[in-house]
Amino acid sequence: MARPRKKATPAPKPPAATGTAWDRLSGGAQHGVCLAILLAVAVGFFAPALFSGKSLIGGDTVQWRATAQSMLDYRAAEGEEPLWATNTFAGMPGYLISYERAVPQLDAIPAWLRGFAWPASHFIFLLLGTYLLVVFLTQNQLGAVLAAVAYGLTTYLPVILVAGHNTKFVALCFAPWLVLAFVFALRRPGLLAGLLFAAALAVNLRAGHVQITYYVAFLLGVWWLAEGVGALRRKDAKPFGTATAWLALGAVLGVLMVADPYLVTAEYKNYSIRGAAAGGGEGSLAWDYAMGWSQGWGELVTLLVADAYGGSAAYWGPKPFTGGPHYVGGIVLLLAGLALWRYRRNAVTALGIGTLLMVLFSLGEHLELINRPMFAFFPLFDAFRVPETWLSIVALALAVLAGLGLFYAVRPEAERGAEARKTRAVEIACGVAVGLALLLWVGRGVFFDFEKDGEYEQIVRLVEQQRPDLAPQADAIAAQELDRRAEERADAYAGDALRTLVFLVLAALALVAYRREKIPAWAMQAALVLLVVVDLGGVGRRYFNED
């Protein structure tokens, strides 16, 4: 006698997931809304440069113009390409200063826009590239918007724009496209993937800041290793091998597409401070020179609390000075941490390991145990200076991880038990993040002394030199001045720590409300996007403003 079959238990719906106006939109319409949001963010953030009638002119931009002026004048007068720049040192080859690209590539579109919409011309491509990358990984449009604004509004970008580091900014704008082409080749290997990777690599190199390309390539190398280990564990190495072959072909083609001017630049390098003349060996930098502007251990808190070390004007960290912090915000760190803790994917593992290594590299001279061997033995590691620059790619990795973490929070599970465990995980992650921010706010006097190394001695010397009559009181004056500065720095720290705490509490309320079916998924995600824009955009406007 046949036993009666049990009724199938319906799979649980994700909390408040269906039936909303957002869900009823077609995929194309959802993408359209998301792209409109990104365009609004780009125009809104760069409004001071677009609509004020003022120009963005950084110090390095002015210096480059002075160096290149003789070449620009010759080009305009003679209609020929100058081969020598006369306005620097005893002169130097012109291709190192200014050269006309004879063959256009895909970067011709933002280059054309640059003439009337700089820097939004490239910033919108940064947002679009990050958006498409996270959409490709998750098919979650609103999570991709969050990742895009999280990377695009990280404080380092307006800081380098104000400093005039334009080539670095352009390379960072194209970085998501290189990662996207890499992931596309891993997932869908073939001729098209190889060509796309070649084009993305060439465009990134054509930005003219090979240091950024190198750092992105390092992250992709970690990702490649993670995918390779995953393929071996699955005993399915053939697709990975095929993808690797196409990536290798794309890399060769991409490098060939930019052989000029990189080959001649490499030839000249050994005669410059970045070559043997630096004392670090042929083609390398000296350790002390390369490790300038290493990120301090304590300064890592600026990823979470923007002005923990005084920002720029009141900076009191270990560097000689800084243009501003590498602030990514508490919400991004919360979602990235959630992904690393609960979302088991090769991409998450790769981004997590890559982020950790790049943070350690950013410490430079403050972590010689790792950075000395890397500097001595790892290919091209000794070719670049300013270790804190690694954090610019950390910001990209954390933004993508945040998008993956948000996708994990809204992705429906097959079992009710899994949904319940996910809710608990989200609530725990929110509690930990809020608790950490609260601890940093309350315990500021325990964790930091708000005094720059050597500052006391500097004040004493200044008093003795400028006011010899007050020399006997120099120690007391220095102590009083340090107390005043410490109080100002502590207040700035407390203000930004409390600010981070408030944003984290609001984000946690939105996440928990969604998981407990109080609000729909789109509302929660939209709230988080808005919070990230207000948070990061508000800090960024301290550096990129009407002035």
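The values are calculated or read from the model by the stated rules, or taken from the named source; none is laboratory data. Predicted model only: the values in this text are computed from it and were never measured. Backbone-built Cβ (ideal geometry, glycine too); neighbour counts: all protein chains shown. All accessible areas refer to the heavy atoms of the entire protein, side chains included, with ligands and DNA or RNA removed. Shrake-Rupley method; radii C 1.70, N 1.55, O 1.52, S 1.80 Å.
Sort the stretch 327-368 into rounded, prolate or oblate with this rule: let a ≥ b ≥ c be the square roots of the eigenvalues of the Cα gyration tensor; rounded if a/c is under 1.5, and if a/c is not under 1.5, prolate when a/b is larger than b/c, oblate otherwise.
Values: a/c = 3.51, a/b = 1.54, b/c = 2.28.
Verdict is oblate for the stretch 327-368.
Considering only protein heavy atoms, with the full assembly of protein chains and a 1.4 angstrom probe, order R345, R542, R515 by accessible area, largest first.
Reading off the accessible areas and sorting them downward yields R345, R542, R515.
I need the calculated FRET efficiency for the pair A76 and A237, taking r as the beta carbon distance and R₀ as 60 Å, to the nearest 0.05. Don't skip to the answer; put the middle values down first.
Details: r = 57 Å, r/R0 = 0.95.
That gives a FRET efficiency of 0.55.
Restricting the calculation to alpha carbons of the stretch 168-212 gives Rg and Dmax of 10.6, 31 angstrom.
Take the Kirkwood radius over Cα pairs of the stretch 115-173, plug it into Stokes-Einstein at 37 °C and 0.692 mPa s, and you get 277 µm²/s for translational diffusion.
Can you figure out the FRET efficiency of L439 with E487, using R₀ = 22 Å and their beta-carbon distance, to the nearest 0.05?
Details: r = 21 Å, r/R0 = 0.96.
FRET efficiency, L439 to E487: 0.55.
Using just the helices of the chain, give the 222 nm mean residue ellipticity in deg cm²/dmol: DSSP H runs with n ≥ 4 each add -39,500 (n - 2.57), and the total is spread over all residues, rounded to 500. If you can, show how the numbers build up before the last one.
Working: 23 runs with 362 residues, N = 547.
The per-residue figure over the chain is -22000 deg cm²/dmol.
Relative to the compact globular guide of 2.2 N^0.38 Å, what is the alpha carbon radius of gyration of the stretch 368-431, as a ratio?
Values: Rg = 19.3 Å, N = 64, 2.2 N^0.38 = 10.7 Å.
Rg over 2.2 N^0.38 Å, computed on Cα atoms: 1.81.
The share of accessible area on the stretch 486-532 that comes from carbon and sulfur is 67 percent, using a 1.4 angstrom probe.
Entry note, the stretch 436-547: relative contact order of 28 percent, from Cα contacts under 8 Å with a spacing of 6+ residues. When nucleic acids and ligands are ignored and a 1.4 Å probe is applied, E81 ends up with an accessible area of around 80 Å².
Could you do me a favour and compute the accessible area per residue for the chain, 1.4 Å probe, result in Å²? Don't jump to the answer; show the numbers that get you there.
Values: 25950 Å² over 547 residues.
That works out to 47 Å² per residue.
Using the 2.2 N^0.38 Å rule of thumb for compact globular proteins, work out how the stretch 479-547 stacks up: its C-alpha Rg over that value, please. Here the answer is 1.57, to two decimals.
Counted over all Cα-Cα pairs of the stretch 391-511, pairs farther apart than 22 Å make up 60 percent.
Looking only at the stretch 433-452, which residues have a backbone nitrogen under 20 Å from a spot 7 Å from the Cα of V505 in the C-beta direction? Counting backbone N atoms under 20 Å from the label point, the list is 433-445. Using the Stokes-Einstein relation with a Kirkwood hydrodynamic radius computed over Cα pairs, the translational diffusion coefficient of the stretch 165-250 at 37 °C and a viscosity of 0.692 mPa s comes to 251 µm²/s.
With a ≥ b ≥ c taken as the square roots of the eigenvalues of the C-alpha gyration tensor of the chain, please select rounded if a/c is under 1.5 and otherwise prolate if a/b is larger than b/c or oblate if it is not? Before the final figure, lay out the partial values.
Numbers: a/c = 1.75, a/b = 1.22, b/c = 1.44.
Here the chain falls in the oblate category.
The string of couplings for the stretch 227-232 from the Karplus curve (6.51, -1.76, 1.60, θ = phi - 60°) is 5, x, 5, x, 5, 5 Hz, one whole number per residue in order, with x for Gly and Pro. Quick note on the stretch 283-368: its Rg to Rh ratio, both from C-alpha atoms and Rh being the Kirkwood radius, is 1.04. Among the lysines of the chain, pairs at least eight places apart or on separate chains and with Cα atoms under 23 Å apart come to 7.
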